1. Against the definition (free of Cβ contacts under 8 Å to residues at least 60 places away in the same chain, at negative phi, open to solvent by 40 Å² or more (accessible area, probe 1.4 Å) and not charged (D, E, K, R)), how does Thr70 come out, yes or no?
2. Of all residues in the range 133-159, which are charged (D, E, K, R), open to solvent by 70 Å² or more (accessible area, probe 1.4 Å) and more than 18 Å from Asp57 (Cβ to Cβ)?
3. Let me spell it out: the conditions are (1) open to solvent by less than 70 Å² (accessible area, probe 1.4 Å); (2) in contact with a Lys or Arg (Cβ under 9 Å, 6 or more places away or on another chain); (3) more than 20 Å from Ala3 (Cβ to Cβ), and Cys114 meets all of them except one. Which number is the exception?
4. Based on what the data block shows, is Pro43 assigned to a loop (DSSP other than H, G, I, E, B) and in contact with a Cys (Cβ under 7 Å, 6 or more places away or on another chain)?
5. When residues of the range 130-141 are filtered for being within 14 Å of the chain's Cα centre (by Cα) and touching a residue at least 40 places away in the same chain (Cβ under 8 Å), how many remain?
6. Run down Thr75, Thr90, Thr38, Thr49 and say which single residue is open to solvent by 40 Å² or more (accessible area, probe 1.4 Å) and either within 20 Å of Ala157 (Cα to Cα) or at pLDDT 95 or above (or both).
7. Within the range 19-31, is even one residue farther than 27 Å from Ser102 by Cβ, in a loop (DSSP other than H, G, I, E, B), in contact with a strand residue (DSSP E or B) (Cβ under 7 Å, 6 or more places away or on another chain) and at pLDDT 95 or above?
8. What are the pairs with Cβ atoms under 7 angstrom where one residue, in the range 3-22, is under 27 Å from Thr92 (Cβ atoms) and the other, located anywhere, is among the acidic types (Asp, Glu) and surrounded by 15 or more Cβ atoms within 10 Å (Cβ to Cβ)? Sequence gap at least six, or different chains.
Amino acid sequence: ESANECAWAIGEHVGGGDCQAFVDMMNAKAQELGCTNTHFNNPNGLPDTSHVTTCRDMALISRAAIQNSTFRKITGTVKYTIPPTNKHATETPLNNHHQMISAYKGNRYLYDSCIGGKTGYTDAAGSTLVTFAERDGMLLICVVMRSQSTHYQDTTALFDYCFSNY
């Protein structure tokens with residue numbers, strides 16, 4: 001589930017106590033991956049006038065991410081339960097909100113070939129959706145940004161077209 005504060009915590013940890021150092025690492029990695037229109041200004045993607053990207057660049061970043069087995073496992077996990085801890089006496093259920101892989105919010109958009117993805121929404125960006133689908137050895141990545149309400153339908157249409165024609 002969304003946890004923007006965790007992005008900050010990870011940024012501080014990986015950045016050696018300096019979240020800006022992590023953001024600098026993000027920008028360097030984006031450039032290394034061939035991104036030409038991306039600049040991160042925070043670790044979580046929340047609105048910032050200096051924080052920009054494109055569908056193409058997000059696809060490049062996503063292509064690198066899906067090659068990582070840990071990322072692939074996390075993005076494809078439908079639900080997970082955090083067991084009780086010394087800080088929290090009860091279980092904490094977490095649900096993947098990506099409706100093409102999880103029926104948590106209904107099964108209208110489930111897609112058999114979907115292996116994971118990431119949802120996003122802010123007032124400034126609208127709905128964003130990165131989705132991975134794999135069929136017959138072909139891995140597709142779809143990135144939809146600035147959608148008002150058709151991001152799942154658009155992704156399904158693009159996947160169906162590509163799987164049928166390539």
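1. So Thr70 fits the description; yes.
2. The answer is Glu134, Arg135, Asp136.
3. Exception for Cys114: condition (2).
4. In short, yes.
5. Result for the range 130-141: 3.
6. Only one candidate qualifies: Thr90.
7. no
8. Close Cβ pairs (under 7 Å, with a partner that is among the acidic types (Asp, Glu) and surrounded by 15 or more Cβ atoms within 10 Å (Cβ to Cβ)) amount to Cys19/Glu12.
The values are calculated or read from the model by the stated rules, or taken from the named source; none is laboratory data. Note that the coordinates shown come from a computational prediction; the quantities given were computed from them, not determined experimentally. Ideal geometry is used to build each Cβ from the backbone, glycine not excepted, and the neighbour counts take in all protein chains shown. Ligands, DNA and RNA are stripped out before the accessible areas are found, and what is left, the full protein with its side chains, is counted by its heavy atoms. Shrake-Rupley method; radii C 1.70, N 1.55, O 1.52, S 1.80 Å.
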